[in-house]
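A short worksheet on the structure shown next.
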Amino acid sequence: MHAALDIHPPQEGNAALPSLAGLGRVGLAARLRAIGVPDKQIRMRVGQLWSWIYARGATSFDQMSDVSKELRTTLARAYTLARPQIAAEQVSTDGTRKWLLRLAKRGHEAKAPEIETVYIPEYDRGTLCISSQIGCTLTCTFCHTGTQRLVRNLEPEEIVGQILLARDRIGDWPGAAAPTDGGLLPTAERKITNVVLMGMGEPLYNFDNVRDAMAIAADGDGLALSKRRITLSTSGVVPEIPRWGAEAGTMLAISLHATRDALRDTLVPINRKYPIAELMAACRAYPGLSNARRITFEYVMLKGINDSLAEAKALVKLLAGIPAKINLIPFNPWPGTAYECSDWEQIERFAEIINQAGYASPVRMPRGRDIMAACGQLKSESLRIRARERAATEGTGAV
């Protein structure tokens, strides 16, 4: 079975109008004042919009039955509830979905920028992997995203918009119908149970926007994701780690991948600025750290690079005293990479040493490899897709 690819037509709605979807309460209040809603009504109207957008998934103002027809008409003339546009959708043989999302142009952007978002279903839960930047600055040598230059940070509404779009697409709103394409979905009532900031970009380099977006995602009157179900993954922006814990309070994951500065300097170049000792000190001081709120350390398994049993023992020693879980990630190949995935037997031996030391050490089974949706493989493919579209138009058949 091959991965399916859908190219979706533009979504309905006037692209020239700003969308309210993804805005926080302050932003919604400002938009309401801009169309003349009296101050004495603002709080009530914000509450109505909030419920319709974030609890019920409204995509049209006409759905807002408790809002006066006059106000609905005024809202529709000034705004939309549009989400990011799906430029392409791929469904893996294992049920993983990857969306190439086209965003609205901002400022002097000549073209609409694009990002990737991935949904990973399991029988009892579903994880949504969202992006925080368009491209990335960190150039981690094993990561495909790091080969794409940074375009800009995502705004809070563009981050939240990925969650709204995903819930639309898989029918994760109350009373919504599931998609009919046969893709795997969890049996749980909620199809998106976890959100991870592990897509394109370094989220702590977009701190304020990511924090504000996750506050919307965790709001109990709307999307209502528990902060224990939201995980931010960082490559090690040390000064922002304690601030994130204090201001956002979500779960934390560290993209570690090495136990020695000499190696990590190569794999994760930000280590040259914030070496391992500083990173570990920030982890030990993470607000709320406990056995119930462990830090996840991500460790990609690279054959002959960081997968020796001596490295496993060094990893145990490095993390001593930190309530932690260690995710071992089989390397996911991408075109042009110089790395190979460790042999499975070696991964098992590596995991056994960590388990014997008392750490949970699950091996993250690769998901979505066939559609380049696995960990470390994300890179918006707009140039490739445009080349395919040009080839089809010209009749050359080239890809």
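Quick one: which residue in ALA176, ALA166 is in contact (Cβ under 8 Å) with a residue 40 or more places away in the chain and in contact with a Leu (Cβ under 8 Å, 6 or more places away or on another chain)? Step through it out loud before you land on a result.
Working: ALA176 fails: in contact with a Leu (Cβ under 8 Å, 6 or more places away or on another chain).
After applying the criteria, what remains is ALA166.
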Failed item, numbered, when GLU352 is tested on (1) within 25 Å of the chain's Cα centre (by Cα); (2) over 22 Å from VAL196 (Cβ atoms): (1)
Subset of segment 170-195 [touching a strand residue (DSSP E or B) at 6+ places or on another chain (Cβ under 9 Å), part of a loop (DSSP other than H, G, I, E, B) and within 17 Å of TYR54 (Cβ to Cβ)]: ASP172, ARG190, LYS191, ILE192, THR193
Failed item in (1) under 24 Å from the mean Cα position of the chain (by Cα); (2) over 16 Å from ARG83 (Cβ atoms), with VAL46 passing the rest: (1)
Candidate set from segment 301-358 (those that are charged (D, E, K, R) and over 29 Å from TYR286 (Cβ atoms)); member that is surrounded by the fewest Cβ atoms within 10 Å (Cβ to Cβ): GLU345
For GLY57: the one exception among (1) of a type in the set (Gly, Ala, Ser); (2) touching a Gly at 6+ places or on another chain (Cβ under 6 Å); (3) within 24 Å of THR231 (Cα to Cα): (2)
Conditions (1) more than 25 Å from GLU155 (Cβ to Cβ); (2) surrounded by 19 or more Cβ atoms within 10 Å (Cβ to Cβ); (3) at pLDDT 95 or above: number failed by SER65: (2)
Per-region count, segment 229-248, residues over 13 Å from ALA213 (Cα atoms) and in a loop (DSSP other than H, G, I, E, B): 5
Members of segment 275-289 that are at pLDDT below 95 and either outside the structural domain of PRO333 (by TED's automatic domain parsing) or outside any loop (DSSP other than H, G, I, E, B) (or both): none
One residue from ILE254, ILE305 being under 19 Å from the mean Cα position of the chain (by Cα) and either among the hydrophobic types (A, V, I, L, M, F, W, C) or assigned to a loop (DSSP other than H, G, I, E, B) (or both): ILE254
For LYS227: the one exception among (1) in contact with a Gly (Cβ under 6 Å, 6 or more places away or on another chain); (2) outside the structural domain of GLN133 (by TED's automatic domain parsing): (2)
Single condition ALA215 does not satisfy, out of (1) at negative phi; (2) modelled with pLDDT under 95: (2)
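Only one residue in THR187, THR250 is closer than 20 Å to LYS325 by Cα and among the polar types (S, T, N, Q). Which one?
Numbers: THR187 fails: closer than 20 Å to LYS325 by Cα.
Answer to the selection: THR250.
Hey, could you check segment 184-212 for residues that are charged (D, E, K, R) and modelled with pLDDT of 90 or more and say which is nearest to the chain's Cα centre (by Cα)? Show your work before the answer.
First, the residues of segment 184-212 that are charged (D, E, K, R): 189-191, 202, 208, 211-212.
Imposing the further condition that a residue be modelled with pLDDT of 90 or more reduces the set to 190-191, 202, 208, 211-212.
Values: ARG190: 18, LYS191: 16, GLU202: 11, ASP208: 16, ARG211: 13, ASP212: 15 Å.
Residue satisfying both the conditions and the ranking: GLU202.
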Residue check for LYS105: closer than 29 Å to ILE192 by Cβ, without any contact (Cβ under 8 Å) to a residue 60 or more places away in the chain and not acidic (Asp, Glu): yes
Residues within segment 196-212 that are assigned to a loop (DSSP other than H, G, I, E, B), farther than 16 Å from ILE254 by Cβ and of a type outside the set (Gly, Ala, Ser), tallied: 1
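The values are calculated or read from the model by the stated rules, or taken from the named source; none is laboratory data. Since the model is a prediction, treat every value here as computed from it, not as a measurement. Reconstructed Cβ throughout: ideal geometry from the backbone, glycine too, with neighbour counts over all protein chains shown.
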